[in-house]
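The values are calculated or read from the model by the stated rules, or taken from the named source; none is laboratory data. No experiment lies behind these values; they were computed from the predicted model shown. Here the Cβ positions follow ideal geometry from the backbone for every residue, glycine too, while neighbour counts run over all protein chains shown.
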Amino acid sequence: MSKGRILVVDDEPDIVHSLTLRLGAAGYQVVSAMDGLGATKCAIEHKPDLIILDIGMPAGNGHVVVERLRHIGATSHIPVIYLTARTGEDDYRRAREGGVAKYITKPFEATVLLAAVEDQLERTRQAT
């Protein structure tokens, strides 16, 4: 039985592949998208329990995706974890303002990301 559905969004195929394998091995069902537009479509179609999202992508960066998702009733509640190489203060500020649950910078430790995923999904379960 799946521990939850996670949408992984990154324009780097190696990262998407790696996260899909690691999250799948941890018991999660994984769907993926390679850009901002695909992220929005996947979130609406698959209704994930959590989204792992890069900021710097074509066809809508992560900030744009979060803004779009927050304005769609079916996706407004989905928690987002940023996984990005960006470390600028403006990106951190926009993440806070957008209600992003966690901000993890690349390069990253898989154990840190998995712990963040499990923690956020547990918080979501407790809130419902």
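General remarks:
- For the range 38-59, a residue qualifies if it is modelled with pLDDT under 95 and either closer than 23 Å to Gly73 by Cβ or among the acidic types (Asp, Glu) (or both), and exactly one does: Ala59.
- Failed item, numbered, when Phe108 is tested on (1) of a type in the set (Phe, Trp, Tyr); (2) closer than 17 Å to Asp11 by Cβ; (3) touching a Phe, Trp or Tyr at 6+ places or on another chain (Cβ under 6 Å): (3)
- Identity of the residue in the range 20-37, without any contact (Cβ under 8 Å) to a residue 40 or more places away in the chain and under 13 Å from the mean Cα position of the chain (by Cα), that ends up nearest to Gly98 (Cα to Cα): Gly36
- Test result for Ile15, surrounded by 17 or more Cβ atoms within 10 Å (Cβ to Cβ), out of contact with any helix residue (DSSP H, G or I) (no Cβ under 7 Å at 6 or more places or on another chain) and not in a loop (DSSP other than H, G, I, E, B): yes
- Every residue from the range 82-94 that is more than 17 Å from Leu7 (Cβ to Cβ) and touching a residue at least 12 places away in the same chain (Cβ under 8 Å): Ala85, Arg86, Thr87, Asp91, Arg94
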